[in-house]
Each structure stands twice: as structure tokens, then as C-alpha cells.
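Laboratory data are not the source of any read-out in this text; all were calculated from the coordinates shown. Worth saying up front: this structure is predicted, and the values here are computed from it rather than measured. Note: ideal-geometry Cβ built from the backbone for every residue, glycine included; neighbour counts use all protein chains shown.
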């Protein structure tokens, strides 16, 4: 699948070739006027103008219309036709002037044909299927022309023209291979051969820009393997790499070129769907497609004499025209994927606004908890414990937190956040210190209780 930047590069070549044809073409009209072939030159230049206008049309179409992959392919085929017409016109100019030996116009025709060949080998080097036939078309008349001179130097010039053609083909082909290799390495993951994160970001940028115009829709599947670290730690990274390769092959075969597949890094993969005209048809596909893909990934892996069973957590984000960049959709899919992991893994979660609000609140709690501990905004409450005769025998220490922005935050919200971020140690020490101060003060006041309960985290014991 050719990327948007490839077509953009080719569009620039069209623009350049239009001016490289129209301006030098005026010189042919001038010489035609001076040496009696004006009308032939004028007809030739008129044809060149029509071809140039076709190229300008393709240039404008590319700029003004945001095309999907199929439309880009059709545009590219039209651009290839433009190239053949353009260089065919220059071959016609050679045939027109090569017979004008009286005023030595054939020398200009020869030089122009050589120049056109060099231009073709340089500007069309990104597509071997194009520069090879065009170079042959341009140089073949010149080789034949020298051979028809019928003298020894004509045969020598014909041989030199063949050698020149070979050099151009050799140089262009080597440059093409280098460009192709560099492009592939820059856009693909070394281990799996899938597209990499860089390609994914570029692909998303062009897709979102296009969807904003076409009003079509698509979706992202973000796939993260469950407990993959255990495989690396227990069986080694070699086996882990084999697993990643097999996972990549399964996803790629399952998608069958209808969806774009990339590896973002580690054990994370992403699938970008084809484009949908209607939201309903997209929603209908998401669930079945993601479930079928998950089933495929959960099939047993037999690698290096190991039988492995792997599940995955999949987050889904819908792509519509309301967002401005691909990273926001990836973030949404990432949120949904981690929600799937928090619910026990081996599942599929579709991103929604309620989920986003919960994640945003968790993040705000995490950020505010640092400040709350530093400024001692966590309040300590003491729940009385009574015996059967309603006599006070002890108390349980409870922590409560009320934030100016977030309001009342229950312990079942901020305690897990403290556990996950490591702040539970600091929180536990704060609760111990404050509650023991209170306990000491009670003892000094003669208040005797039999038990004093403080809940602490397991992490504080180790």
C-alpha cells in the first residue's frame, strides 16, 4: 500500500515536468519560425499545451480533493498516462526536427532527446515500472536514427546510445532499489515486517484529513497481549520474539489487506479499518470483527517445542470527522484497552464518553493526591466500636478526603490510586502518625480503650 507522501512526491514531479516542457517548447516554436517548420512546431506545441493542462488538472485534483486509497490509485494511473503522453510528445519533437539537417536542427533534436532521457531517469526514479519503458521509448528512436546514418561513426554513435541507455537504466535502478529499501526500513517494523508506529501516525494523519472531507468513518483496534512479560521472563526473549512474529502473521492474514496493520512497539498492535459510508455498518462490523480476531489470537501457539496459550485485551475507538489528530483516537483506544485489562483481560471494550470521564477522574485524583498529602488535606475519622452493652471498647481509624475541585472522594477511589502509584506508603505513614498522635492524646486525657484499629496496606509490611 503506497503512502500519501509517495503520491505527494509524484505530484511535485508533475508540476515540475509541466514547466520543463512548456518553457523549452517555446524555443522549438522560435526555431520553427526561423527555419520554415513553424506550423509543424506550432501543432506540436499545441499538443504539448493540452498535455500540460491535463497535468495541471491532475495537480489541482490532488490538492483540492482528499482521496481515499482507491481514488489515489486511480489518480496515479492517470498520472502515469500523463507521463507517457508528455515524454511521447518529446519523442515526437525529435522525430519532427531530426530530419531538418539543412539548418542543423537535428543536433538540437538529439540533444533534447538525451536531455529528456536524463530528466525521465531522474524524476521518475521512484517507479521502476514507469522509468524503464519511458527510457526505452525515448532512446530507441535515437539508437535507430544513428544506425540509419549508414556510416561507421553512425554505428559508433548508435552503440554509444545503447551504452548510455544502459547506464541510465543501471543508475536509475540502483537509485530505485536504495529508495525502496530506505522507504521500507523507515516504514516497517524490523521484527515482524508490519508497518511501524511512524507509518501508523502518517497514515492516520492522511486518513483523518480525508475523512473530514468525505464524511466517511473508520475505527481502530488496539491490541495488547495479556501477560506477555511472563513469556519473556520465563522462556526468554527469543521465544517472545517468535510469539510476536506469529501474532503479527495471524493479524495480517486475518485482515487480508482490507485493513492497515501496524506494530506500535512491544506487544502492542493496531488495526485501522477500511472506510465506511454509514455509521451503522461500521458499528455492526466492530463487534464481530474484533471478536473473530481475538478468537484467532487465542488459538494455541506451538513455538520452539513450547505450547502457549495467549489472550489479548482489545480497545476500540471510532474514527469520525470530529477529531483533529490521530493521537487522540489512539489515546481513546488505549483507554479502552486498559479498561479491558482492568476488567480481567481477554476482552474487548469500545471507547465511550463515560469511560473517558472515569479515566479523567482517576488522573485528577492521582494528581491531586500528591498535593493533598503534602498539605495534609486527608482527614482522619475514628469510628467507635461498642460492645453488647453499648460500652466504648475501641475505634477504627478511617481516612476521608474532600477536594475543592473533585468534591468528596471515597476511599475506594483514592486508595487503589495510591496503591497503583506507590503513594500508599506515604499515605499509610501519614494515617499512622496522625492517628497515633490522637491515641496518645486520648491516653493522656485518661480515655482508655481496649483496641485501636488501623487499616494498612500489605506494601507497608515489606
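Between the stretch 205-219 and the stretch 223-270, the C-alpha centres lie 27 angstrom from each other. Considering only Cα atoms, the convex hull volume of the chain works out to 224 Å³ per residue.
Per residue, the convex hull spanned by the Cα atoms of the stretch 317-366 amounts to 83 cubic angstrom. Diagonalising the gyration tensor over the Cα atoms of the stretch 45-111 and scaling each eigenvalue by 5 before taking the square root yields semi-axes of 34, 11, 7 Å, largest first.
Kirkwood analysis of the stretch 135-273, using all unique Cα-Cα pairs, places the hydrodynamic radius at 19.3 Å. Which FRET efficiency value, to the nearest 0.05, do you get for residue 285 and residue 80 by plugging their Cβ-Cβ distance into 1/(1 + (r/R0)^6) with R0 = 30 Å? That gives a FRET efficiency of 0.35. With R₀ set to 22 Å, the beta-carbon distance separating residue 237 from residue 198 gives a calculated FRET efficiency near 0.40. Taking the C-alpha atoms only, the angle from helix 326-342 to the longest principal axis of the chain is near 40 degrees. Ranking of 9, 414, 62 by neighbouring Cβ atoms within 10 Å, starting from the fewest: 9, 62, 414. What is the angle, in °, between the Cα long axis of helix 411-421 and the longest principal axis of the Cα atoms in the chain? Nearest 10 is fine, range 0 to 90. That helix lies at roughly 60 degrees to the long axis.
Over the stretch 4-187, the reciprocal of the mean inverse Cα-Cα separation, the Kirkwood hydrodynamic radius, stands at 17.6 Å.
One equal scatterer on each Cα of the stretch 369-461, no solvent, Debye formula: the resulting log10 I(q)/I(0) at q = 0.11, 0.16, 0.20 Å⁻¹ is -0.36, -0.72, -1.00. Cα centroid separation, the stretch 383-462 to the stretch 36-111: 84 Å. When both bridge partners sit in the chain, DSSP labels roughly 80% of those beta bridges antiparallel. The helix-only estimate of mean residue ellipticity at 222 nm for the chain, built from DSSP H runs of length n ≥ 4 each weighted as -39500 (n - 2.57), is -22500 deg cm²/dmol after division by the residue total. Once both axes come from the Cα atoms, what is the angle between helix 353-374 and the longest principal axis of the chain, in degrees from 0 to 90, rounded to 10? For helix 353-374, the angle is close to 60 degrees.
Summary value for the chain: 9 percent relative contact order, contacts being C-alpha pairs under 8 angstrom separated by 6+ residues.
Rounded to 0.05, the FRET efficiency of the residue 136 and residue 258 pair, given R0 = 41 Å and the Cβ-Cβ distance, is 0.65. Listed by Cβ neighbour count within 10 Å, with the fewest neighbours leading, 368, 342, 40 appear as 342, 40, 368. Available extension along the chain between residue 412 and residue 450 is 10.9 nm, counting 0.36 nm per residue and deducting the alpha carbon span.
In the stretch 246-389, Rg over Rh equals 1.15, where Rg is the alpha-carbon radius of gyration and Rh the Kirkwood radius from pairwise Cα distances. Length gained on full extension, residue 230 to residue 39: 60.7 nm, using 0.36 nm per residue less the C-alpha separation. The calculated P(r) of the stretch 322-430, using every Cα pair and 10 Å bins from 0, goes 12, 33, 26, 19, 7, 2, 1 in percent.
Computed extension length for residue 361-residue 374: 2.7 nm, one decimal, from 0.36 nm per residue of separation with the Cα-Cα distance subtracted.
Taking the fewest neighbouring Cβ atoms within 10 Å as the starting point, the ordered list for 5, 388, 318, 362 is 388, 5, 362, 318.
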